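Q: Here it is, the structure in full.
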Amino acid sequence: MSGQIHPLAPHELPGFIGAADGSDPLFTAVVFIVIAMVLGIGVFYLKLHAIPEQLAHKHGNTQSQLIMVLALLALFTHNNIFWVAALILALIKFPDLVTPLNDISSSLSKMTQSDDSGSSEEVTAAETTPQSRAED
């Protein structure tokens, strides 16, 4: 065999053809691209599943724990209905019924404490009156 190249053969080979030393630049590039794509898709998937939780934190929903549980169920079971339910719960603002009830109960307790202090004075006055009458 001679060391001469055939006159019809290309004198420079493209970069994606492996060299004689066994390196393969195309394979190396594809490996890095696939690893980057898998990591990127994984981050996107996890960010997508975290949308209901982020909305619940931003809007300050009272049912944020339920939203978080539904989002985790959707993540681990791959049932989209859980994620949709979590998203709907995060977007809907339910009326706050607990705060007015707490305000009413605290007002009533303050009123009864002030009434109890006034009635206890009346009770002590009424208790001393019969005793003073008995002494008379």
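The values are calculated or read from the model by the stated rules, or taken from the named source; none is laboratory data. Values in this document were obtained by computation on a predicted structure and should not be read as measured data. Please note: Cβ atoms are built from the backbone with ideal geometry, for glycine as well, and neighbour counts cover all protein chains shown.
Q: Taking into account only those residues within the stretch 1-59 that are of a type in the set (D, E, K, R) and surrounded by 10 or more Cβ atoms within 10 Å (Cβ to Cβ), which is nearest to Ile88 (Cα to Cα)? Lay out the reasoning, then the answer.
A: In the first step, residues of the stretch 1-59 are kept if they are of a type in the set (D, E, K, R); the result is 12, 21, 24, 47, 53, 58.
After this cut, where a residue has to be surrounded by 10 or more Cβ atoms within 10 Å (Cβ to Cβ) as well, the list is 24, 47, 53.
Values: Asp24: 50, Lys47: 17, Glu53: 11 Å.
Only one residue tops the list, namely Glu53.
Q: All but one of (1) in a loop (DSSP other than H, G, I, E, B); (2) out of contact with any helix residue (DSSP H, G or I) (no Cβ under 9 Å at 6 or more places or on another chain); (3) under 26 Å from Ala86 (Cβ atoms) hold for Asn61; which doesn't?
A: Among (1) in a loop (DSSP other than H, G, I, E, B); (2) out of contact with any helix residue (DSSP H, G or I) (no Cβ under 9 Å at 6 or more places or on another chain); (3) under 26 Å from Ala86 (Cβ atoms), the lone unmet condition for Asn61 is (2).
Q: Here's a follow-up. Are any of the residues in the stretch 19-32 modelled with pLDDT under 90, outside any helix (DSSP H, G or I) and in contact with a helix residue (DSSP H, G or I) (Cβ under 7 Å, 6 or more places away or on another chain)? Even if it seems obvious, please write down each step before you answer.
A: Quick first cut of the stretch 19-32, residues modelled with pLDDT under 90 only: 19-28.
This time we only want the ones that are outside any helix (DSSP H, G or I), so: 19-24.
Right, trim to in contact with a helix residue (DSSP H, G or I) (Cβ under 7 Å, 6 or more places away or on another chain) and you get none.
No.
One line per residue, one yes/no per condition, for (1) modelled with pLDDT under 75; (2) in a helix (DSSP H, G or I); (3) aromatic (Phe, Trp, Tyr):
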site: Ile67; (1), (2), (3): no, yes, no
site: Ala71; (1), (2), (3): no, yes, no
site: Lys93; (1), (2), (3): no, no, no
site: Ser106; (1), (2), (3): no, yes, no
site: Gln113; (1), (2), (3): no, yes, no
site: Thr129; (1), (2), (3): yes, yes, no
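Q: With (1) modelled with pLDDT of 85 or more; (2) more than 27 Å from the chain's Cα centre (by Cα) as the list, and Pro10 as the residue in question, which single condition is left unmet?
A: The number of the failed condition is (1).
Q: How many residues are assigned to a loop (DSSP other than H, G, I, E, B) and either among the acidic types (Asp, Glu) or surrounded by 11 or more Cβ atoms within 10 Å (Cβ to Cβ) (or both) if we restrict to the stretch 73-91?
A: At the first step, the residues of the stretch 73-91 found to be assigned to a loop (DSSP other than H, G, I, E, B) are 78-79.
Pick out the ones that are also either among the acidic types (Asp, Glu) or surrounded by 11 or more Cβ atoms within 10 Å (Cβ to Cβ) (or both) and you get 79.
Residues in the stretch 73-91 being assigned to a loop (DSSP other than H, G, I, E, B) and either among the acidic types (Asp, Glu) or surrounded by 11 or more Cβ atoms within 10 Å (Cβ to Cβ) (or both): 1 in total.
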